[in-house]
1. Normalising by the residue count of the chain, find the relative contact order in percent from Cα pairs under 8 Å and 6+ residues apart.
2. How large is the helix-only mean residue ellipticity at 222 nm for the chain, computed as the sum of -39500 (n - 2.57) over DSSP H runs with n ≥ 4, divided by its residue count, in deg cm²/dmol to the nearest 500?
3. Leaving out same-chain residues fewer than 8 places away, which lysines sit with a Cα under 16 Å from that of LYS262?
4. Report, in debye and to the nearest 20, how large the dipole of region 279-360 comes out about its Cα centre when Lys and Arg carry +1 and Asp and Glu carry -1 on their Cβ.
5. Just to check I understand the Karplus step: with θ = phi - 60° and J = 6.51 cos²θ - 1.76 cosθ + 1.60, what whole-Hz values come out for region 76-91, glycine and proline as x?
6. So for region 279-360, taking the charge dipole from beta-carbon charges (+1 Lys/Arg, -1 Asp/Glu), which of SER316, VAL328, LEU282 sits furthest toward the positive end?
7. With +1 on each Lys and Arg Cβ and -1 on each Asp and Glu Cβ, how big is the dipole of the chain about its Cα centre, in debye rounded to the nearest 20?
8. Sketch the reach of a paramagnetic label on GLU105 as a point 7 Å from Cα along Cα-to-Cβ, and name the residues of region 112-135 whose backbone nitrogen lies under 16 Å away.
Amino acid sequence: MKNTALSHKHIELGAKMVPCAGYFMPVQYEGVNAEHETVRNAVGVFDVSHMGEFILRGPNALALIQKFASNDASVLFDGKAQYSCMPNGKGGIVDDLIIYRVSAEEYFIVVNASNIEKDWNWMTSLNDLGVEMENVSDNYSLLAIQGPKAAEAMQSLTDVNLSEMVYYTFTHGKFAGKENVMISATGYTGSGGFEIYVKNEDAEHVWNEVFKAGADFGIKPIGLAARDTLRLEMGFCLYGNDIDDTTSPLEAGLGWITKFTKEFTDSEFLKKQKELGVSRKLVAFEMIDRGIPRHDYQILDASGNVIGKVTSGTMSPSMKIGIGLGYVTKEFSALESEIFIEIREKGVKAKVTKLPFYKK
């Protein structure tokens with residue numbers, strides 16, 4: 001197990017540490033519900049330094065991205081980021097990722113921690129274009145500073161006007177006294193905020209300055225358990241749960257990042273799938289009767305027949321009801337469809353609902 005540049009800080013703060021994607025990571029500090037509420041109402045900081053980062057350079061960098069990514073990266077401009085996924089050549093998904101256009105010939109790619117090696121190998125296998133690729137995953141730390149007070153709390157640390165930054169844009173600037181820090185108006189919580197990419201040697205200094213600057217705004221460290229409940233309330237997919245090598249982007253409701261304005265891996269297959277329609281769909285559901293859905297629980301119809309499986313589930317800290325995502329056969333995917341989650345060998349009533357679960 002590896003440590004991030006900040007693992008010792010989490011241990012000092014009393015975090016419960018668990019293995020995650022080959023790293024010891026903080027799963028919680030004071031408790032999931034309290035940490036969740038901090039991010040929804042104020043500002044919290046996640047150490048997500050286990051994420052992977054690649055740099056692609058050269059005149060054909062965009063052409064390579066267009067081959068492996070389902071979204072159309074040609075619409076990007078300098079300082080703009082885009083959510084995308086990589087189809088695997090068999091109708092499934094290698095990973096989901098964020099593409100940052102630094103310049104016409106340089107792109108910064110952020111991938112999931114558990115898929116760094118797999119993603120690198122996949123991109124490399126498609127790189128017959130002479131694109132210079134650099135895996136900088138071990139050089140960077142990543143702080144996700146999230147919540148409605150994030151811009152106000154962090155403004156004293158930078159000359160960049162944080163409140164004017166548009167969602168899914170980024171810039172490089174001075175932050176917490178360090179030069180050339182990448183400040184990105186992104187995050188996976190649905191409560192606004194920023195993701196700050198710093199060199200490992202600067203991580204502890206930046207962490208300390210972030211907490212000093214945020215002290216008057218109720219800033220707290222947040223663990224990965226609350227990151228999961230926050231993203232689930234928004235209906236954001238988690239790789240390994242809701243999407244993987246066996247799920248197509250169209251089945252997962254990711255048609256909005258699957259653009260047929262260009263050719264890419266699996267584009268013909270996915271075009272055909274779109275025309276014919278999918279046989280199963282990822283749906284959001286909320287519990288009608290009391291019960292907490294969990295990953296891998298069976299989804300049933302009223303007669304007790306298995307119609308699918310829960311991919312993510314929890315008790316929503318904001319809404320105080322059980323919520324989840326799961327794949328069901330197409331006929332049960334319509335809004336308000338009645339379904340049942342098998343909890344302790346009993347079908348517990350739920351209904352298919354619209355995302356996001358949490359509405360501000």
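Taken together, the values in this text are just the output of simple stated rules run on the coordinates, not laboratory data. From a predicted model like this one, the values you see are computed outputs, not experimental measurements. Note that we place each Cβ from the backbone using ideal geometry, even for glycine, and neighbour counts take in every protein chain shown.
1. Numbers: 837 pairs, mean separation 62.5, N = 360.
Computed value for the chain: 17 percent relative contact order.
2. Working: 8 runs with 75 residues, N = 360.
After summing the helix terms and dividing by the residues of the chain, the value is -6000 deg cm²/dmol.
3. LYS67, LYS271, LYS272, LYS274
4. Numbers: 14 positive and 9 negative charges, 70 e Å.
Dipole about the Cα centre, nearest 20: 340 debye.
5. 6, 10, 4, x, 10, 10, 8, 7, 8, 9, 10, x, 9, x, 10, x
6. SER316
7. On the way: 37 positive and 47 negative charges, 207 e Å.
In total the dipole reaches around 1000 debye.
8. Only 129-134 fall inside the zone, counting backbone N under 16 Å.
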